[in-house]
Amino acid sequence: MKVVVWEGDLSEDYLRWVCQIGADGIDISNTQVLPGMREQGYPDLAKLLGLKQRARRWGLGIYRFSLPSPRNHMLGQPGGEQELENLCKTIDCLGEAEIPIARPTFLHEALPIATTHEAVFRGGYTMRGFSLQLREKQLQANPQSLPFTLDEFWARCKQVYERIVPAAEEACVNLALHPSDSPLPGAPFDSLGWHHVLDAFPSSRNGLLYCVGTRHEAGGTSLVLDEIHHYGRMGKIFHVHFRNVRGSLATSGGFEEALLNDGDMNMFEVLLALDAVGYDGGLNPDHMPRLTGDTPDARMALAYSVGYIRALLTALEALP
């Protein structure tokens, strides 16, 4: 398995630092950082290859790229057809650059109120908190809703997949879908929604970005281990967000994200489960805490997380 982190500003300083802390590569989540995306809606292949070469000089790979959300298409507005064409062109560029994973994104990720409070942990570090009770109060004070019905969402989502799955098969790129976060029942990509996408498009290139933290939020550690066994045996886990939380919607009506060694899950147990199903992809520590002190907190937290995962992988390799 490999340890990967977010793309940062893609500067030489950042790539050097990622190498120094022991990561294997980067995931690109900001779709607009690649040359060509703003200008034409898909990457400039030559410059994408140049970026990959720059990363390789520091011993780093580029393992995943988030596709831009087809906003106009999902809202039924003009310009949607061009967005779908650009998604296919983007996947083609990723294939040419041998970037193995593309993450489809949709407007479901803007679910009303994904954070209800700031959770405070040891020494005062803080991370995202979510409470169903607080969310209900906040929605009463400020009503919000998705800009489409679930039926409209699924109809348009299927139209996207009808275009990007053949493009991914042609380009040899895996499509890795992230679950809805927060994983509210009835959210587009809750547990049933994931099954829906996999069943509707049974391609070997169609799979999951398995977010350990989000799925714990839905149902606790047992759900995470069961799903890793289920989807891992199917060969459908293409990438992993490796983060820890306390609580779940099912057990406590809410959750709070935490540092890797400060949540409810035994992350080594999770790693063993991934290893047992033959997973050999990326582990991204994903969400970072806000720390206090003299050191720039984002980099310090990320360096800590990478070091922690490296220690787990070393322990895994030492097993008989």
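Quick note: the coordinates plus some simple rules give every number you see, no bench work behind them. Keep in mind that what you see is a predicted model, and the values were worked out from it rather than measured. All Cβ positions, glycine included, derive from the backbone under ideal geometry; neighbour counts span all protein chains shown.
Overall dimensions of segment 112-164, expressed as equivalent-ellipsoid semi-axes from the Cα gyration tensor (√(5λ), whole Å, largest first), are 33, 18, 6.
With semi-axes defined as the square roots of five times the eigenvalues of the C-alpha gyration tensor, the equivalent ellipsoid of the chain measures 28, 26, 20 Å, largest first. Treating r as the C-beta distance of LEU319 and GLN77 and R0 as 41 Å, the FRET efficiency rounds to 0.15. For the pair SER11 and LEU49, the difference between a 0.36 nm per residue extended length and the Cα-Cα distance amounts to 12.2 nm.
Take every DSSP beta bridge whose two residues both sit in segment 2-318, then give the antiparallel share in percent to the nearest 5.
Working: 11 of 34 bridges.
The antiparallel fraction comes to roughly 30 percent.
Residues whose amide H lies under 5 Å from that of SER203, counting only those 5 or more places away or on a different chain, are absent; hydrogens are built 1.01 Å from N in the peptide plane.
Give, as a single signed number, the net charge of other residues whose beta carbon lies under 10 Å from the beta carbon of PRO35, with Lys and Arg counted +1 and Asp and Glu -1.
Numbers: positive: ARG38, LYS47; negative: GLU39, ASP44.
Surrounding charge for PRO35 is 0.
Which of rounded, prolate, oblate describes segment 56-156, given a ≥ b ≥ c as roots of the alpha-carbon gyration tensor eigenvalues and a/c under 1.5 marking rounded, otherwise prolate only if a/b is larger than b/c? Kindly include the intermediate steps, with their values, before the conclusion.
Working: a/c = 4.04, a/b = 1.26, b/c = 3.20.
Oblate, since a/c reaches 1.5 and b/c is not below a/b.
Using the Cβ-Cβ distance between ASN261 and LEU192 with R0 set to 41 Å, the FRET efficiency from 1/(1 + (r/R0)^6) comes to roughly 0.80.
Between GLU85 and MET234, full extension at 0.36 nm per residue minus the direct alpha carbon distance yields a gain of 50.6 nm.
Here the simple spin-label model places points 7 Å from the Cα toward Cβ, and for GLN144 and ARG56 these points are separated by 4.3 nm.
Taken one residue at a time, the phi angles of segment 258-269 give Karplus couplings (6.51, -1.76, 1.60, θ = phi - 60°) of 9, 4, 4, 9, 10, x, 6, 8, 8, 5, 5, 4 Hz. Gly and Pro are set to x. With the chain treated as a Gaussian network of Cα nodes joined by springs under 10 Å, which of ASN142, ASN244, ASN284 yields the largest mean-square fluctuation? Greatest mean-square fluctuation among the candidates belongs to ASN142.
A crude spin-label estimate for the pair THR292 and TRP154, with each label 7 Å from Cα along the Cβ direction, gives 4.8 nm. For segment 239-314, rounded, prolate or oblate, judged on the Cα gyration tensor with a ≥ b ≥ c (square roots of eigenvalues), a/c < 1.5 rounded, else prolate if a/b > b/c? Taking the square roots of the gyration eigenvalues as a ≥ b ≥ c, segment 239-314 is oblate. Using the Cβ of PHE268 as centre and a radius below 13 Å, the other residues enclosed give a net charge of -2, where K and R count +1 and D and E count -1. May I ask you to derive the FRET efficiency for ALA200 and ARG122 from their Cβ-Cβ distance with R0 = 51 Å, giving the value to the nearest 0.05? Efficiency for this residue pair is about 0.70.
With the simple model of a label 7 Å out from the Cα in the direction of the Cβ, ARG299 to ASN30 spans 1.6 nm. When the pairs LYS2/LYS89; LYS137/LYS236; LYS89/LYS236 are compared against a 31 Å limit on Cα-Cα distance, LYS137/LYS236 fall above it. GNM remark for the chain: springs join alpha carbons under 10 Å apart, and the peak mean-square fluctuation among SER11, SER131, SER29 falls on SER11.
Please label the shape of segment 181-320 as rounded, prolate or oblate, based on the square roots a ≥ b ≥ c of the eigenvalues of the alpha-carbon gyration tensor (a/c under 1.5 means rounded; beyond that, a/b larger than b/c means prolate, else oblate).
Details: a/c = 1.83, a/b = 1.29, b/c = 1.42.
Because a/c hits 1.5 or more and a/b fails to exceed b/c, segment 181-320 counts as oblate.
Here the contact order of the chain, divided by its residue count and restricted to Cα pairs under 8 Å and six or more residues apart, works out to 17 percent.
Taking K and R as +1 and D and E as -1, what net charge do the other residues with C-beta under 9 Å from the C-beta of ARG128 add up to?
Working: positive: none; negative: GLU118, GLU256, GLU257.
My count for the surroundings of ARG128 gives -3.
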